[in-house]
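Before any comments, here is the structure.
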Amino acid sequence: MARRSTKTPPPEDFEEKILDIDVVDEMQGSFLEYAYSVIYSRALPDARDGMKPVHRRIVYQMNEMGLRPDRGYVKCARVVGEVMGKLHPHGDASIYDALVRMAQPFSMRLPLVDGHGNFGSLGNDDPPAAMRYTECRMADATSLMTESIDEDTVDFQSNYDGQEREPVTLPAAYPNLLVNGASGIAVGMATNMAPHNLGEVIAAARHLIKHPGADLETLMRYVPGPDLPTGGRIVGLQGIKDAYENGRGTFKIRATVTVEDVTPRRKGLVVTELPFTVGPEKVIAKIKDLVSAKKLMGIADVKDLTDRAHGLRLVIEIKNGFIPEAVLEQLYKLTPMEETFGINNVALVDGQPLTLGLKELLEVYLDHRFTVVRRRSEFRRTKRRDRLHLVEGLLVALVDIDEVIRLIRSSDNSAQAKERLIERFSLSDIQTQYILDTPLRRLTRFDRIELESERDRLNGEIDELTGILESDSELRKLVSGELATVAKKFGTDRRTVLLESGSSPVAAVPLEVADDPCRVLMSSTGLLARTANGGPLGSGDGKRVKHDVIVSAVPATARGEVGAVTSTGRLLRISVIDLPQLPDTASAPNLSGGAPLAEFLTLEPDEGLVCLTTLDESSPGLALGTLQGVVKRVVPDYPSNKDELEVISLREGDRVVGAAELRTGEEDLVFITSDAQLLRYQASQVRPQGRPAGGMAGIKLAEGASVISFTAVDPAGDGVVYTVAGSHGTLDDSETTAKLTPFDQYPRKGRATGGVRCQRFLKGEDLLIFAWAGAAPARAAQKNGSPATLPEPDPRRDGSGTPPPSVVAVLAGPAS
């Protein structure tokens, strides 16, 4: 049986029309339309208010719903529903994701939504709860984004179905785009903008208002770099300068880490701040993978101790025998504890996507703000003029109120009354209608006084608003003042530290440091610093303070390097720019603002820092003395491609006791031994040797004796010798005697001889437990760096000592 066709035949007058369309043209047109829609309506923020359409619609709708900071929370699902139903023609997931991000303090530098509930965690390790559980309202700063939006400050447009109206942009009382940043991927372009500090951005904007021709360098004095919500440390500032200049640049973000005793037997790395958008779970997972693959050594355990009370706290325990600082460098290289942030400042300006620098971003915002304040002032002036018009009409009526009442009562209807009032008092139609609508109870003498007061106030406000509209300087002054108020109310301290270089946790803050002369100092307690200038240091005769004994001082330049000689015969390089800078030390130099050497050098167990030295190959070289009496002058040959050099080959059990960089080559080298022998001879008697050499005999030691002090003294100046004798105890013993003797009392002897006696032992004394020879006046300190007092000078070179007034742990000559 044949199937009957169910197709409806075309009508008789049907005329078939077929359009021939090139598929290439159709695809090109459709794709361009789609691309424009994505760029303009979804992915890129507007440079004026710094918002994408979805964020703008959320903020506007919450304002329309009355969800202000002083009101109660409502379910996020309700907000999402209102936004989706009235303004946003997309799914609820995209709206809720945007709302969640606006409530996260680790994503926004100044959050726009005050959330109540689980809004996720750093790095999205813990996703937010569903919108049916979470609640929200506008944050305190969000009201500034919609402030005066009902005063004709911005343009409105129809929503997706033409049933509602939505703002094209928000008034934005602060530069939201720079403060909170933005990220998005459009078609053929993307944006990735870093958050900044509100106070710094507003300071730059106010400067630009006052000085429209300001250059980038001046603006960067106010905005030195991004200020990320999660803090951290930005390493390298050249990429930031590039981004501020042309809109594109990259920089590295490092976690903030401290070395602490996490257990009684182990040290650990405590992470308190992570790079932007990096969560602790991501770091932990990466560390575990590297440890399992044996690409990362020295880690015993990783614990996430983050909580609401203390914030982020990621503890990485280090195995015994490993240097925490060395492990940290590996973590920076191999894990997300160091990330690269690529700045791409693409935003919409007049509907066109443009790549903007710092100044252009501020200019676009300020132009928008000038327009908003101008339109607001015009709106307010019009409102006040309208009100003044009504008040003046009412005052005219009050002057002859009896006549007004008579005219109204004698009229047949309201239209006739209106016409007669207009004719009698020369009033406008609006004024007359307002008089007719005013209750009789308001037409009293007291109300007339109030109306006259209101008239005067309105005239003053109108004049003030007219002054703003007619004067560009007044407009700028008003915008600047409003920005200052916002900064004062919502400004916070900077969270992100800016570092010039990444070789040390203690780095220079300035964007660029000139390669000026300076001095690198080391104190008796192991603090390192550099001076603000390269001039000679003062004698320090003023008030003594803790850490004021400078045991080593070498000239350098701010961007140069110096060497650090250790007791194991190593020379380590230190970058001068990484050292903290002290103010002018022309009087009473001290290192109370220095940083521990552990921040810059990784020393082996039982290895100490002996002295600092320049790396100048034109100097007479470095002189070293060892525990076993070996002396060496090192040829100043320091390859620039090595950070660690060996300057002496030590015998087994030997170590470097003292070292000094020779300035003239005419210095005297001084050995002092434990059996109270002092040997002094000219440095020229020691032949310079290459770095791998083991040195030569410096002093002849008696059996059981060892060298306790080696220094270099300039014979042209005054010098002193300080010795402390005692038993086999320590400096803290009460039964010790000390002696301070002029250096010229000791004669020169030949190299490798036994020298002369420098202190006669009393009964119960059998060795020197401390000795030092150097330039006068000597500065002494105790173990903790507190000042110590020296005894009166004794002219007898081999005399016995007296009980010391203070326990001296370290001595040094003038810090020059």
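The values are calculated or read from the model by the stated rules, or taken from the named source; none is laboratory data. Owing to the predicted nature of the structure, the values given are computational and were not obtained by experimental measurement. Reconstructed Cβ throughout: ideal geometry from the backbone, glycine too, with neighbour counts over all protein chains shown.
Whether a residue is surrounded by 15 or more Cβ atoms within 10 Å (Cβ to Cβ), at pLDDT below 95 and in a strand (DSSP E or B) was assessed, and residue 331 does not pass this test. Could you please find all residues in region 210-249 being in a loop (DSSP other than H, G, I, E, B), in contact with a strand residue (DSSP E or B) (Cβ under 8 Å, 6 or more places away or on another chain) and not aliphatic (A, V, I, L, M)? Once the filter is applied, which keeps residues that are in a loop (DSSP other than H, G, I, E, B), in contact with a strand residue (DSSP E or B) (Cβ under 8 Å, 6 or more places away or on another chain) and not aliphatic (A, V, I, L, M), region 210-249 yields 224, 225, 226, 230, 231, 232, 236, 247.
Region 130-173 holds strands (runs of 3 or more DSSP E) entirely within its bounds, and those carrying 2 or more residues that are among the polar types (S, T, N, Q) map to 156-158. Taking the listed residues 202, 240, 234, the one that is in contact with a Phe, Trp or Tyr (Cβ under 7 Å, 6 or more places away or on another chain) and modelled with pLDDT of 95 or more is 202, with no other qualifying. Taken over region 608-627, the criterion of being of a type in the set (Gly, Ala, Ser) and either on the phi > 0 side of the Ramachandran plot or assigned to a loop (DSSP other than H, G, I, E, B) (or both) is satisfied by 608, 618, 619, 621. Close Cβ contacts (under 7 Å, 6 or more residues apart or on different chains) running from residues in region 293-310 that are without any contact (Cβ under 8 Å) to a residue 12 or more places away in the chain to residues that are assigned to a loop (DSSP other than H, G, I, E, B) comprise 305/313.
For region 470-481, the tally of residues that are surrounded by fewer than 17 Cβ atoms within 10 Å (Cβ to Cβ) and either assigned to a helix (DSSP H, G or I) or not assigned by TED's automatic domain parsing to the domain that holds residue 399 (or both) stands at 6. Annotation: of all residues in region 652-668 being outside any loop (DSSP other than H, G, I, E, B) and not hydrophobic (A, V, I, L, M, F, W, C), the one that is farthest from residue 704 (Cα to Cα) is 661. The residue of region 402-418 that is farthest from the chain's Cα centre (by Cα), among those that are surrounded by 15 or more Cβ atoms within 10 Å (Cβ to Cβ) and in a helix (DSSP H, G or I), is 407. For the residues 145, 131, 138, 102, the requirement of being within 25 Å of the chain's Cα centre (by Cα), touching a residue at least 40 places away in the same chain (Cβ under 8 Å) and either in the same structural domain as residue 68 (by TED's automatic domain parsing) or surrounded by fewer than 17 Cβ atoms within 10 Å (Cβ to Cβ) (or both) singles out 102. Scanning region 795-809 for residues that are surrounded by fewer than 20 Cβ atoms within 10 Å (Cβ to Cβ), within 22 Å of residue 677 (Cβ to Cβ) and not charged (D, E, K, R) yields 795, 799, 800, 802.
Only a single criterion out of (1) under 28 Å from residue 192 (Cβ atoms); (2) without any contact (Cβ under 8 Å) to a residue 24 or more places away in the chain; (3) not aliphatic (A, V, I, L, M) is not satisfied by residue 109, namely (2). Screening residue 157 against (1) closer than 22 Å to residue 277 by Cα; (2) free of Cβ contacts under 8 Å to residues at least 12 places away in the same chain; (3) among the polar types (S, T, N, Q) leaves a single unmet condition, (1).
The set of residues in region 629-651 that are under 41 Å from the mean Cα position of the chain (by Cα) and either surrounded by 23 or more Cβ atoms within 10 Å (Cβ to Cβ) or in a strand (DSSP E or B) (or both) comprises 644, 645, 646, 647. Flag: residue 763 does not match the condition of being basic (Lys, Arg), under 45 Å from the mean Cα position of the chain (by Cα), in a loop (DSSP other than H, G, I, E, B) and surrounded by fewer than 22 Cβ atoms within 10 Å (Cβ to Cβ). For the residues 367, 301, the requirement of being of a type in the set (D, E, K, R) and over 30 Å from residue 209 (Cβ atoms) singles out 301. Within this structure, residue 426 fails the test of being more than 30 Å from residue 346 (Cα to Cα), among the small types (Gly, Ala, Ser) and surrounded by 14 or more Cβ atoms within 10 Å (Cβ to Cβ).
In region 773-791 there is no residue that is hydrophobic (A, V, I, L, M, F, W, C) and more than 49 Å from the chain's Cα centre (by Cα).
Just so you know, in region 60-76 the residues that are hydrophobic (A, V, I, L, M, F, W, C) and within 37 Å of the chain's Cα centre (by Cα) include one that is nearest to residue 49 (Cα to Cα), and it is 62. Against the test of being outside any loop (DSSP other than H, G, I, E, B), over 19 Å from residue 333 (Cα atoms) and touching a Leu at 6+ places or on another chain (Cβ under 9 Å), the options 262, 270, 257 yield a single qualifying residue, 262. If you go through region 158-172 and pick out every residue that is aliphatic (A, V, I, L, M) and either out of contact with any Asp or Glu (no Cβ under 7 Å at 6 or more places or on another chain) or surrounded by 22 or more Cβ atoms within 10 Å (Cβ to Cβ) (or both), you end up with 2.
Which of the residues belonging to region 115-127 are crowded, with 19+ Cβ neighbours inside 10 Å and within 14 Å of residue 75 (Cα to Cα)? Of everything in region 115-127, those that are crowded, with 19+ Cβ neighbours inside 10 Å and within 14 Å of residue 75 (Cα to Cα) turn out to be 115, 119. Only one of the numbered conditions (1) surrounded by fewer than 16 Cβ atoms within 10 Å (Cβ to Cβ); (2) in contact with a Phe, Trp or Tyr (Cβ under 6 Å, 6 or more places away or on another chain); (3) over 25 Å from residue 150 (Cβ atoms); (4) of a type outside the set (Ser, Thr, Tyr) is not met by residue 31, and that is (2).
Please work out if residue 725 is of a type outside the set (D, E, K, R) and either closer than 25 Å to residue 553 by Cα or over 53 Å from the mean Cα position of the chain (by Cα) (or both). The answer is no for residue 725. From the list 626, 613, the lone residue that is in contact with a strand residue (DSSP E or B) (Cβ under 8 Å, 6 or more places away or on another chain), crowded, with 19+ Cβ neighbours inside 10 Å, closer than 14 Å to residue 697 by Cα and polar (S, T, N, Q) is 626.
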